[in-house]
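Notes for the one structure printed next.
The values are calculated or read from the model by the stated rules, or taken from the named source; none is laboratory data. Model, not experiment: these values are computed from the prediction. Note that we place each Cβ from the backbone using ideal geometry, even for glycine, and neighbour counts take in every protein chain shown. SASA here: full protein model, heavy atoms, side chains in, ligands and nucleic acids out. Shrake-Rupley method; radii C 1.70, N 1.55, O 1.52, S 1.80 Å.
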Amino acid sequence: MADSTIPDSWDSEETGASDSKQQSKPSSFASLSFNPSAAVFVPGKNVHAAPFVPPSSTPASFKSQGQVEAPTTTVAAPSSGSTMAKDEKLDESNAAPADSTPAVETDASNAETTEPSDEWATDDGKKDSPLKSKTPEPTAEGTVEDADDTDQVEAHQVAKIKAKPKDLTAQLKKEHVNIVFIGHVDAGKSTICGRVLQVTGMVDKRTLEKYEKEAKEKNRETWYLSWALDTNTEERDKGKTVEVGRAYFETEKRHFTILDAPGHNSFVPNMIGGAAQADIAVLVISARKGEFETGFERRGQTREHAMLVKTAGVKRLVVLINKMDDPTVKWNKLRFDECKDKLLPYLKKLGYNVKQDVTFIPCSGLTGAYIKDPPADAATVCTWYKGPSFLDYIEDLPSFSRQSEGPVRIPVVDKYKDMGTIALGKVESGQVYLGQRLILMPNKRECEVMGIWSDEIETELANTGENVKLKLKNTEEEDIQGGFVLCSPESLVRTTHVFDAQVVILEHKSIICAGYSAILHMHTCSEEVTLKSLIALIDKKTGEKSKSPRFIKQDQIAIVRIELLGGLVCLETYKDFPQMGRFTLRDEGKTIAVGKVLKIID
């Protein structure tokens, strides 16, 4: 440790050096052969010592204010022990004799120094420190640069997003498209979805080999591809999809979300929830002899699913005629044309533009033929089809129109708890960003967006059309139900328990009168309703209205007043917002009617 006093002269320093404690030799000078306990440098005596650099003088004004003296520059020498301590405490009065070795003096304006100079910041209006320029300062937009504190960074990022959410849209380069796979049970929907994930690289080879081995052990060798989406034991054992499976894949231009809807009649309500989130519907048909006929007969799900996705507002329909490699088909063009010719009149009756919005593609989900590439032996087994593969077709579709500038509308599909409350749904309108405050309707609970995941990818902003998971603050899982809607505070969604609607009766054996009850399916909501009154009957040909009919029956169009038996429903008129103004009425496992909201009774 260095002495606490400074010697009066160099002679006294030399004399008192022998009484001081030994200094430790710096490691960087370990290889030098010199005496570590030698006396401190005395000019004229120790000729091997480094040139001494005296400290610059400190202005008297600084001394009077109690400022700490700081040298202008530092000599590149080991900074250990008392030698440096004593050098820092030397005063100007201890100058070297005139005949001694001249001291090397460094100009503070030209030297590169790592020590603070006397121009550094004080609290008394002195110049600011150069290091202060490295401290993160908020800019006019609320951004933070190079912040060390993580919480501070996140706070400023939220502030930035709140200020200018549209700046983040540049991060989203690919258009987001939702595809729902529909069709009769055992048509091969889940197998095609698994094959799509495999050819796009979303499922690795090792995982598929594992699924194939497990399926073989259960004598289900051809089901292994479907296990990429059918994840629970019940679905795998029975080979039937129960809930809407979710996955995603990307192409060069677009980001696709797969919605694998169940095909069994018992799970049509789940299928309706998946159709409500879709932009494109893929109707999967089995070309195997007998299977197409079963699915297309009056109670088959091929018919009902095609009608339900049209009711949900899906305009683009891709018909995949699957199992063309089956021994009963063998890529026969006659079988392909037979399925196509039977479907076209029905699809046209539903309102599809069959020339522009409907496309037929032969394929094999098991072998992957025409999912991405033609079959290896296409030149011999399928010479008649010259059209695009499934992935090529959906990649080249025109862009979809979105209402990104409108108020936020997110119908909630599902919810769960995972380190907070998580809500799932599709952004039907507007944009969602971190820190945004939303209102959960119809219970009018205010909440804040703390996290956004778009297809399991964490992001700061979600645009219209994306299927998202939102982590919400200030709300609990019990406060959310399927069919609730997250919306902008400045533009709340309408809520009611009574509304007028135009309905088309699709299938009903007897007449329908006032007081008839059914299940209403609207976006992601399912509620029991009753027909409170029949307002008018509309003539299909002339459009004329006959008021106050006594009853309505199959294939008729009517205006009715519908009342919920309990609670409120979030909706908009079809004219203002079609996505939340369409609905389906079901009863006894059948779709009875479809309709659109004309007027909301407050």
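Name the residue, out of Lys323, Lys333, that is open to solvent by less than 60 Å² (accessible area, probe 1.4 Å), more than 30 Å from Ser429 (Cβ to Cβ) and of a type in the set (Lys, Arg).
Details: Lys333 fails: open to solvent by less than 60 Å² (accessible area, probe 1.4 Å).
When all the criteria are applied, what remains is Lys323.
Which residues, counting only those in the stretch 396-450, are assigned to a loop (DSSP other than H, G, I, E, B), touching a Leu at 6+ places or on another chain (Cβ under 7 Å) and β-branched (Val, Ile, Thr)?
Matches in the stretch 396-450: Val408 only.
Could you list, in sequence order, the residues of the stretch 393-423 that are open to solvent by less than 30 Å² (accessible area, probe 1.4 Å) and of a type in the set (A, V, I, L, M)?
Ile394, Leu397, Val408, Ile410, Val412, Ile422, Ala423
Of all residues in the stretch 477-497, count the ones that are open to solvent by 10 Å² or more (accessible area, probe 1.4 Å), closer than 19 Å to Phe583 by Cα and more than 23 Å from the chain's Cα centre (by Cα).
3
For (1) over 26 Å from Gly201 (Cα atoms); (2) outside any loop (DSSP other than H, G, I, E, B); (3) among the small types (Gly, Ala, Ser); (4) over 39 Å from the mean Cα position of the chain (by Cα), each residue gets a yes or a no:
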site	(1), (2), (3), (4)
Thr302	yes, yes, no, no
Lys310	yes, yes, no, no
Thr328	yes, no, no, yes
Asp337	yes, yes, no, yes
Lys342	yes, yes, no, yes
Lys349	yes, yes, no, no
Gln356	yes, no, no, no
Ile361	no, yes, no, no
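Can you tell me which residue among Lys355, Lys386, Lys342 is in contact (Cβ under 8 Å) with a residue 12 or more places away in the chain, among the charged types (D, E, K, R) and surrounded by fewer than 19 Cβ atoms within 10 Å (Cβ to Cβ)?
Working: Lys355 fails: in contact (Cβ under 8 Å) with a residue 12 or more places away in the chain; Lys386 fails: in contact (Cβ under 8 Å) with a residue 12 or more places away in the chain.
Unique residue meeting the criteria: Lys342.
Can you find even one residue in the stretch 220-230 that is at pLDDT below 80, among the acidic types (Asp, Glu) and open to solvent by 70 Å² or more (accessible area, probe 1.4 Å)?
Yes - at least one qualifying residue is present in the stretch 220-230.
Scanning for something out of contact with any Lys or Arg (no Cβ under 9 Å at 6 or more places or on another chain), open to solvent by 20 Å² or more (accessible area, probe 1.4 Å) and closer than 16 Å to Phe390 by Cα, does the stretch 298-318 turn up at least one residue?
yes
Of Gly295, Gly313, Gly273, which residue is touching a Pro at 6+ places or on another chain (Cβ under 7 Å) and either modelled with pLDDT under 85 or within 26 Å of Ile505 (Cα to Cα) (or both)?
Only one candidate qualifies: Gly313.
Do we find that Ile457 is touching a strand residue (DSSP E or B) at 6+ places or on another chain (Cβ under 9 Å), open to solvent by 10 Å² or more (accessible area, probe 1.4 Å), over 17 Å from Glu405 (Cα atoms) and aliphatic (A, V, I, L, M) in this structure?
yes
Among the residues of the stretch 363-395, write down those that are within 15 Å of Ile280 (Cβ to Cβ) and outside any loop (DSSP other than H, G, I, E, B).
Within the stretch 363-395, Phe390, Leu391, Asp392, Tyr393, Ile394, Glu395 qualify.
When you go through Leu470, Leu440 one by one, which is the residue that is of a type outside the set (Val, Ile, Thr) and closer than 24 Å to Tyr248 by Cβ?
Selected residue: Leu470, the only one of Leu470, Leu440 that is of a type outside the set (Val, Ile, Thr) and closer than 24 Å to Tyr248 by Cβ.
Report whether or not Asp373 is over 30 Å from Lys471 (Cβ atoms), at pLDDT 85 or above and not polar (S, T, N, Q). Spell out the reasoning first.
On the way: over 30 Å from Lys471 (Cβ atoms): yes; at pLDDT 85 or above: yes; not polar (S, T, N, Q): yes.
For Asp373, the condition - over 30 Å from Lys471 (Cβ atoms), at pLDDT 85 or above and not polar (S, T, N, Q) - is met.
Only one of these is farther than 10 Å from Val503 by Cα and in contact with a Phe, Trp or Tyr (Cβ under 7 Å, 6 or more places away or on another chain): Lys540, Lys590, Lys599. Name it.
Checking each option against the conditions leaves just Lys599.
Kindly indicate whether any position in the stretch 543-552 is among the acidic types (Asp, Glu) and under 23 Å from Asn443 (Cβ atoms).
No, every residue in the stretch 543-552 fails to be among the acidic types (Asp, Glu) and under 23 Å from Asn443 (Cβ atoms).
Within the stretch 549-563, is even one residue open to solvent by less than 30 Å² (accessible area, probe 1.4 Å), of a type outside the set (Lys, Arg), under 21 Å from Glu304 (Cα atoms) and assigned to a loop (DSSP other than H, G, I, E, B)?
Within the stretch 549-563, not a single residue is open to solvent by less than 30 Å² (accessible area, probe 1.4 Å), of a type outside the set (Lys, Arg), under 21 Å from Glu304 (Cα atoms) and assigned to a loop (DSSP other than H, G, I, E, B).
So which residues in the stretch 468-511 are part of a strand (DSSP E or B) and more than 28 Å from Gly589 (Cα to Cα)?
Listed by number, the residues that qualify are Val468, Lys469, Leu470, Lys471, Leu472, Lys473, Leu486, Cys487, Ser488, Ser491, Arg494.
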